[in-house]
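The values are calculated or read from the model by the stated rules, or taken from the named source; none is laboratory data. For clarity, every value in this text was computed on a predicted model and none was experimentally measured. Positions of Cβ are backbone-derived with ideal geometry, glycine not excepted, and every protein chain shown enters the neighbour counts. These accessible areas exclude ligands, DNA and RNA; they are computed on the full protein's heavy atoms, side chains included. Shrake-Rupley method; radii C 1.70, N 1.55, O 1.52, S 1.80 Å.
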Amino acid sequence: MEEQKKTTIVLFSGDYDKAMAAYIIANGAAAYDHEVTIFHTFWGLNALRKDENITVKKGIMERVFGKMMPRGADKMGLSKMNFAGLGPKMIKDIMKKHNAIPLPQLIEMALEQDIKLVACTMTMDLLGLKEQELLDNIEYAGVAAYLADAEKGNINLFI
Amino acid sequence: MEEQKKTTIVLFSGDYDKAMAAYIIANGAAAYDHEVTIFHTFWGLNALRKDENITVKKGIMERVFGKMMPRGADKMGLSKMNFAGLGPKMIKDIMKKHNAIPLPQLIEMALEQDIKLVACTMTMDLLGLKEQELLDNIEYAGVAAYLADAEKGNINLFI
Amino acid sequence: MEEQKKTTIVLFSGDYDKAMAAYIIANGAAAYDHEVTIFHTFWGLNALRKDENITVKKGIMERVFGKMMPRGADKMGLSKMNFAGLGPKMIKDIMKKHNAIPLPQLIEMALEQDIKLVACTMTMDLLGLKEQELLDNIEYAGVAAYLADAEKGNINLFI
């Protein structure tokens, strides 16, 4: 009997293109029967935000961060050639033309494939993000849980 | 008999300094008898572009992307202190002074050491890059081929 | 008897938030009995700089780089929402409020946990950084030493 293969990705980046790369690798690995975890930390948490405005009690700093960070995958910028937001529009138009799957659908697909999407509780705390603001069906954990997944993994990436 | 060691790098970044780091690690690993693959995706594809202008049929968006992205390793910018293109010039002058190997030569060296340079076909399609525009002697593949290489690897990096 | 677990991180980035992520993972892994190495290369070397001004003989280019790069972990900027230096101040205020450990203390903690902090000699040379300018109790090595650590590792990350 073959051992269970594992892929564990830390998604630190809040860029649309980097998150896309993470989710494409993750969905691919799941299709090849890997057990896959994406651990969202720092700006990567934005990919897990719901796109509507959720009212929660926050301090002023946390409120400012919350306003300035993109609300959900669809609003994230590009790591290169962002052109004040024009770049993502161009990329999305091209993706549509080539029938590539946009990030929000890649995230849905990940959930359907039972990829474990984890939000890093320590950085949620720092950036003032609350569970109500994030997608349903995700998990919450810290660095210890990440290490437990990663140390048995075949593929470990920091994106 | 010892098992074949493997290093697999995803080069996502289009920055000169990050690509240099990727190619230095890759060439080092090959020198220590690793089987090495660099999988170029998104902006990392620019490292594989030929530096001359190749005429190919493209849509308008793809043409715009093609114009705006650096044509080949030598034209890539820095991830930090780019100073509108002055940074790379400074780094290259310093590299020359210290006899460090510039990126285009690191890429040649990689090919001589039989490092497998792969262009991600999905992002070539998105960014409108054609095989004629990329270096000779490279391979073309998708995420499935990447995973097959990476899952048996000792060192897996996303750069 | 269980095999010694290993975590090896390349810290390429000179961003406060990315370095924080690297050191949080590293300190976590050390707490779970991993043998941990952080290999600082390119801008990541700035995390190892002493914060006082050390007088050393340098060429002009190296002097310019030295002036422009942050002197030590506490002066590093953010990868996102840096706002000309306001972002790091905000993050540090929030970290204080939430009793999170600032980067300079995470680095001290790493040394206390016997995490091997390595400065990449090749990029020290390029950026004109001298041993006197860097923290005490660190090691100096090149890509060969990195590969020797990484190829036996459970967790390999490029940050």
## Note on the structure
With one decimal in nm and the nearest listed first, the spacings from B:Glu3 to its own position in the other copies, using label points 7 Å along Cα-to-Cβ, are 0.7, 0.7
#### Entry: Those GluC sites (Glu not before Pro) in the range C:1-106 that DSSP places in a loop and that have at most 10 other beta carbons within 10 Å
C:Glu2, C:Glu3, C:Glu52
### Task
Mind running the shape call on the range B:62-125? Use the C-alpha gyration tensor, a ≥ b ≥ c as the square roots of the eigenvalues: rounded below 1.5 for a/c, prolate if a/b tops b/c, oblate otherwise.
oblate
### Query
Over all residues in A:143-151, what is the mean tally of Cβ atoms on other chains that come within 10 Å of each residue's Cβ?
5
#### Entry: Loop sites in the range B:1-72: chymotrypsin sites (Phe, Trp or Tyr not before Pro), DSSP, at most 16 other Cβ within 10 Å
B:Tyr32
### Residue among A:Gly85, A:Gly14, A:Gly77 with the largest mean-square fluctuation in a Gaussian network model of chain A, springs linking Cα atoms under 10 Å
A:Gly85
### Relative pair counts by distance (%), Cα atoms of the range B:78-159, 5 Å bins
3, 11, 15, 17, 19, 19, 12, 5, 0
### Task
Per residue of B:53-60, count partner chain C-beta atoms within 10 Å of its C-beta, then hand back the mean as an integer.
0
### Summary
at A:Lys58 the sorted inter-copy label distances (label 7 Å from Cα on Cβ side), in nanometres, are 3.9, 3.9
### Message
I'd like to know how the protein assembly as shown sits against the 2.2 N^0.38 Å rule of thumb: what's its Cα Rg over that expected value?
### Response
0.93
## Note on the structure
Across all Cα atoms of the range C:13-130, Rg and the largest Cα-Cα distance (Dmax), in Å, are 14.8, 45
### Query
Each label point is 7 Å from the Cα along the Cα-to-Cβ direction; what then is the distance between the points at A:Asp136 and C:Ile101, in nm?
3.8
### Message
With the label 7 angstrom out along Cα to Cβ, how close does B:Ile101 come to the same site in each of the other copies, in nm, nearest first?
### Response
3.9, 3.9
### Residues whose placed amide H lies under 5 Å from that of B:His40, excluding near-sequence neighbours
B:Leu11, B:Val118, B:Ala119, B:Cys120
### Query
Per residue of C:87-99, what is the mean number of Cβ atoms on other protein chains within 10 angstrom of that residue's Cβ?
3
#### Entry: Rounded to whole Hz, the Karplus (6.51, -1.76, 1.60) HN-Hα couplings of the range B:47-57, x for glycine and proline
5, 9, 6, 5, 8, 7, 7, 9, 8, 9, 6
### Message
Taking a ≥ b ≥ c as the square roots of the Cα gyration tensor eigenvalues, with a/c under 1.5 meaning rounded and otherwise prolate when a/b beats b/c, else oblate, which class fits the range B:28-75?
### Response
prolate
### Query
For the range A:29-66, list residues with backbone N below 14 Å from a point placed 7 Å from the Cα of A:Lys75 toward its Cβ?
A:45-56, A:63-66
### Task
Return the carbon/sulfur percentage of the accessible area of the range B:39-100, one whole number, probe 1.4 Å, all protein chains in place.
56
